[in-house]
1. What does the net charge come to around residue 156 if you take all other residues with beta carbon closer than 12 Å to its beta carbon, with K and R at +1 and D and E at -1?
2. At 7 Å along Cα-to-Cβ for each site, give me the label-to-label distance between residue 73 and residue 158 in nm.
3. How long are the three semi-axes of the equivalent ellipsoid for the chain, computed from the Cα gyration tensor as the root of 5 times each eigenvalue, in whole Å, largest first?
4. What accessible surface, in Å², does a 1.4 Å probe find on residue 183, ignoring ligands, DNA and RNA and rounding to the nearest 10?
5. Between residue 186 and residue 42, how many nm apart are label points set 7 Å from Cα along the C-beta direction?
6. How much accessible area per residue does the chain have, in Å², with a 1.4 Å probe?
7. Given 0.36 nm per residue, what is the gain on full extension from residue 128 to residue 179 after removing their alpha carbon distance, in nm?
8. Find the lysine pairs in the chain meeting two conditions, Cα atoms under 30 Å apart and a separation of 8 or more places or different chains, and report how many there are.
Amino acid sequence: GAREILKTNLPETIAWTPNGKIVYASRTGENWDIWTANNDGSEPRQLTADSFIDQQPSVSGDGRYVVFQSNRSGNRNIWRVDIDGSNPKQLTEGVSEDAAPVCSPDGRFVVFTSTRSGELAIWKVAIDGGPASQLVDRVSQFPSISPDGKLIAYFYNDEQANNQPKLSVIPFEGGEPVKTIDLSPTVQPIAFGWTPDARS
């Protein structure tokens, strides 16, 4: 089911800050925390230090925030901290499994996957939190925002086409796909990324 997909297929992501530092999740004992380091791995610095699982970081386009998945509220929700690790803020709430957060280039929104509709789908929430809105009305995962912030690509298996793996591209506001690409049946999705010119 959706919960099993979330637990088994989502990677421990690595993100970049605008000034070229690495943000990553690292295991500390039985827990996971968010760290940052220079691009050569030097000067590692721990941003979160708690008895919870903090993982899947993404950095806002303006470099102000790191967003990540955490179970510190008792559920797996999306949280935000300042780039120095201060001022933690919960962005999503509820008993759903929220995961794979991706910040928009303008730093205003976070796109993520969630089971809050009863199936795994793509959602969006403001960087300051508030009501989340569903962007895709089918089982979907691995959202990736284009560098210009206009499009979101996501992966899904088309149940009406013998579970054909597909990559669809939708407007950032959600809605019907502007493009859908059939992928090879041997594709093992982990994550997708855009070229800097947002054309591929």
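The values are calculated or read from the model by the stated rules, or taken from the named source; none is laboratory data. As the structure is a computational prediction, the values presented were derived from the model and not from experiment. Backbone-built Cβ (ideal geometry, glycine too); neighbour counts: all protein chains shown. Surface accessibility is based on the protein's heavy atoms, side chains included, excluding ligands, DNA and RNA. Shrake-Rupley method; radii C 1.70, N 1.55, O 1.52, S 1.80 Å.
1. Around residue 156, the surrounding residues sum to -3.
2. According to this spin-label approximation, the distance is 3.6 nm.
3. 26, 19, 16
4. Roughly 30 Å² of residue 183 is accessible to a 1.4 Å probe.
5. In this crude label model, residue 186 to residue 42 measures out at 4.2 nm.
6. 50
7. Extra length available between residue 128 and residue 179 comes to 15.3 nm.
8. Close lysine pairs found across the chain: 17.
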